[in-house]
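The values are calculated or read from the model by the stated rules, or taken from the named source; none is laboratory data. All figures in this text were calculated on a predicted structure; none of them were measured in a lab. Note: ideal-geometry Cβ built from the backbone for every residue, glycine included; neighbour counts use all protein chains shown. Just so you know, the surface numbers come from the protein's heavy atoms only, side chains and all, with ligands and any DNA or RNA stripped out. Shrake-Rupley method; radii C 1.70, N 1.55, O 1.52, S 1.80 Å.
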Amino acid sequence: MIDLKGSNIILTGATGGIGNSILENLVSNGANVLATGTNDKKLKSIKESYESVKTEKFDISNHSEIENFINLASDNLGGRIDVLINNAGITRDNLSIRMKDDEWNEVLNINLTSTFLLSKNVIKKMLKNKKGKIINITSIVGHTGNIGQANYTASKAGVVAMSKSLALEYGKKNININCISPGFISTEMTDKINKEYKEVLKSKIPMNRFGTPSDIANTVIFLSSNLSDYITGETIHVNGGMYFS
Ligand SMILES: NC(=O)c1ccc[n+]([C@@H]2O[C@H](COP(=O)([O-])OP(=O)(O)OC[C@H]3O[C@@H](n4cnc5c(N)ncnc54)[C@H](O)[C@@H]3O)[C@@H](O)[C@H]2O)c1
């Protein structure tokens with residue numbers, strides 16, 4: 001077990017497949033978590049399952065409210081944010097020539113712009129505390145490209161480049177900014193892939209299986225802890241060997 005006792009952590013997308021597993025692991029390692037999402041029912045169920053977890057409904061596409069949200073989250077966590085985990089993300093797949101402006105804009109807005117604005121506002125708080133960590137969940141396809149996902153791949157590649165820039169800007173302030181790039185993980189997001197294509201994908205994974213949400217959560221725990229204090233600007237690939245840089 002890695003001790004995260006006393007660590008104040010904001011987790012976005014806590015109601016999703018990977019988010020749920022990250023939450024469970026953070027709690028069992030002793031972190032104080034503020035979990036966010038957009039689904040009332042799922043947030044209520046988080047509250048019922050984990051007494052210590054604070055929940056806040058917030059739609060991260062609401063850019064003009066992000067600063068207020070971070071202020072509120074910081075107050076809720078006793079005035080200090082140690083870790084921000086930008087896990088919320090969406091897909092709106094379509095072949096490029098058919099892709100509608102809203103499909104492009106929505107994905108870029110949520111996956112890239114919201115991640116930037118959340119990070120920017122949290123960094124302002126972390127500068128006062130003279131330390132902090134940001135963990136951005138990207139995707140293997142942000143490195144490889146993927147058919148039907150020009151919007152999603154661009155957003156995730158953008159997060160990697162943005163994270164490197166933030167790491168350069170705030171390294172000397174003791175703020176680590178890293179990415180975790182999952183391969184294909186069994187969740188609602190990948191449930192949408194048809195059975196035949198899933199078999200094709202599996203045949204390309206040296207470890208011959210899709211990942212589990214806990215494969216990602218374990219890496220989040222490492223990057224949230226002081227074991228990763230000298231790592232910044234990095235992307236950790238968690239994909240069963242399907243891609244490495
Ligand atoms: N499942 C995979 O195979 C896979 C692979 C690579 C990367 N990822 C990334 O991992 C992260 C989690 O994915 P998942 O598989 O758990 O997906 P999911 O669809 O199960 O969960 C996504 C989460 O994001 C939240 N979210 C979406 N739009 C939001 C908004 N506007 N405001 C606030 N919250 C919002 C949802 O409420 C949900 O909690 C995403 O960033 C995704 O791109 C997933």
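Annotations for the structure displayed:
- Binning the C-alpha pair distances of region 125-245 at 10 Å intervals from 0 yields a P(r) profile of 13, 41, 30, 13, 3, 0 %, listed from the shortest bin outward.
- Of the solvent-accessible surface of the chain, computed with a 1.4 Å probe over protein heavy atoms with every protein chain present, carbon and sulfur atoms account for 50 percent.
- Here the dipole of region 8-235 is about 460 debye; that uses its Cα centre as origin and unit charges on the Cβ of Lys and Arg (positive) and Asp and Glu (negative).
- 10 °C / 1.306 mPa s Stokes-Einstein diffusion coefficient of the chain, Kirkwood radius on C-alpha pairs, µm²/s: 88 µm²/s
- Note on the chain: GNM, Cα springs under 10 Å; of Leu26, Leu223, Leu127, the largest mean-square fluctuation is that of Leu127.
- Top positive-direction residue, dipole computed over the chain with Cβ charges, set Ile134, Leu227, Gly19: Leu227
- Longest site-free stretch - the chain; sites: chymotrypsin sites (Phe, Trp or Tyr not before Pro), DSSP loop, at most 14 other Cβ within 10 Å: 1-229
- Computed over region 8-235: relative contact order in percent, which uses C-alpha pairs under 8 Å that are six or more apart: 21 percent
- Label point distance in nm, Asp229-Asp3, each placed 7 Å from Cα along Cα→Cβ: 1.3 nm
- Using alpha-carbon coordinates, inclination of helix 150-170 to the longest axis of the chain, degrees: 30 degrees
- The calculated 222 nm mean residue ellipticity attributable to helices in the chain amounts to -13000 deg cm²/dmol, summing -39500 (n - 2.57) over DSSP H runs of n ≥ 4 and dividing by all residues.
- Derived scalar couplings ³J(HN,Hα) [region 192-207; Karplus, 6.51 cos²θ - 1.76 cosθ + 1.60; whole Hz; x for Gly, Pro]: 5, 6, 6, 4, 5, 5, 4, 5, 4, 4, 4, 5, 9, 9, x, 7
- Cross-link pairs exceeding 31 Å between alpha carbons, from the set Lys54/Lys131; Lys156/Lys192; Lys100/Lys128; Lys173/Lys204; Lys131/Lys204: Lys100/Lys128; Lys173/Lys204; Lys131/Lys204.
- Proximal aspartates and glutamates relative to Lys120, as straight alpha-carbon distance under 16 Å, when same-chain residues fewer than 8 apart are discounted: Glu65, Glu67, Asp82, Glu169
- Part-to-part distance (alpha-carbon centres) for region 144-203 and region 59-106, which is given in Å: 15 Å
- Averaged per residue, region 8-235 has 48 square angstrom of accessible surface, using a 1.4 angstrom probe with ligands and nucleic acids left out.
- This model, with +1 at the C-beta of Lys and Arg and -1 at the C-beta of Asp and Glu, gives region 1-95 a dipole about its Cα centre of some 160 debye.
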